[in-house]
Amino acid sequence: MISTGTGDGGQTCLTGGKRVSKNSLRVCAYGTIDELNSLIGVILAETTPDNISDSLLQIQNDLFNLGTDISTPSTNHPMVTTSHIETSHIERLEKWAEFASKKLPVLREFILPGGSRSAAWLHLARTVVRRAEREVVAICAEEGDTINKLCITYLNRLSDLFFLWARLANDSGQKDVTWSA
């Protein structure tokens, strides 16, 4: 059975057993990360350009590590020592972003979300990443060193990557929707 009833009063447990309100910063942040992971599942199911499917699957796995970082208030907890965001995760995103950037023309205008169906979904994923990033920054501001700071860097690079992939989905930037004042 999946329902325990322990959350019926508006509280849940973080990794390690600490009970918190379901509207706590950590629960909101890992909920947004879960939302992002589900959105990536939709992208994979509906519209993904074939050349990024494997990368999106890897990101989904990374997001579980990120969720562990966020849901664990102690950086010494055994879960965090085995499943967390590391520099290698960020470097992988940077490598993918560099590869994507080389395929795109120089950006000279602001890009509006949209264009192709794939690009629109990737832009939506980018905005969900940005929300998660803001929520993780809020945890850091409130709790200080109780969170892996690489999580913020990972999310920042991930939103950049989704922006680049959205441009690639728009026929390598040729069908981007641009802002006109």
* **For the range 85-181: span of alpha carbons on each principal axis (Å, largest first)** => 44, 29, 23
* To do: Sequence neighbours fewer than 8 away in the same chain don't count; with that in mind, list the aspartates and glutamates whose C-alpha is under 15 Å from LYS102.
  => GLU94, ASP160, ASP171
* To do: Return the distance in nm (one decimal) between the two label points of a simple spin-label model at THR47 and ARG117, each offset 7 Å from Cα along Cα→Cβ.
  => 0.8 nm
* Structure fact -> Scoring only Lys, Arg, Asp and Glu (+1, +1, -1, -1) among other residues with Cβ under 12 Å from the Cβ of GLN174 yields +1
* Net length gained if the chain between ASP34 and PHE64 were fully extended (0.36 nm per residue, minus Cα distance) -> 10.0 nm
* Ranked packing of 124-135, 31-42, 93-104, 152-163, most packed first, by mean Cβ within 10 Å -> 152-163, 124-135, 31-42, 93-104
* To do: Please sort 62-72, 140-150 by packing, taking for each peptide the average over its residues of neighbouring beta carbons within 10 angstrom, highest first.
  => 62-72, 140-150
* Asked: Where a ≥ b ≥ c are the square roots of the eigenvalues of the C-alpha gyration tensor, would you call the range 26-169 rounded, which needs a/c under 1.5, or, failing that, prolate if a/b is larger than b/c, or oblate?
  -> prolate
* Asked: Over the range 102-181, what is the mean sequence separation of C-alpha contacts under 8 Å (at least six apart), divided by residue count, expressed as relative contact order in percent?
  -> 52 percent
* First select every other residue whose beta carbon is under 9 angstrom from the beta carbon of SER159; then total the charges, Lys and Arg +1, Asp and Glu -1. => +1
* To do: Determine the sum of side-chain charges near ASP69: Lys and Arg each +1, Asp and Glu each -1, restricted to other residues whose C-beta is under 12 angstrom from that of ASP69.
  => 0
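The numbers here are math on the coordinates, done by the rules we state, and not lab data. Remember, predicted model here, so these are calculated numbers, not experimental data. In this analysis, Cβ positions are derived from the backbone assuming ideal geometry, glycine residues included, and neighbour counts consider all displayed protein chains.
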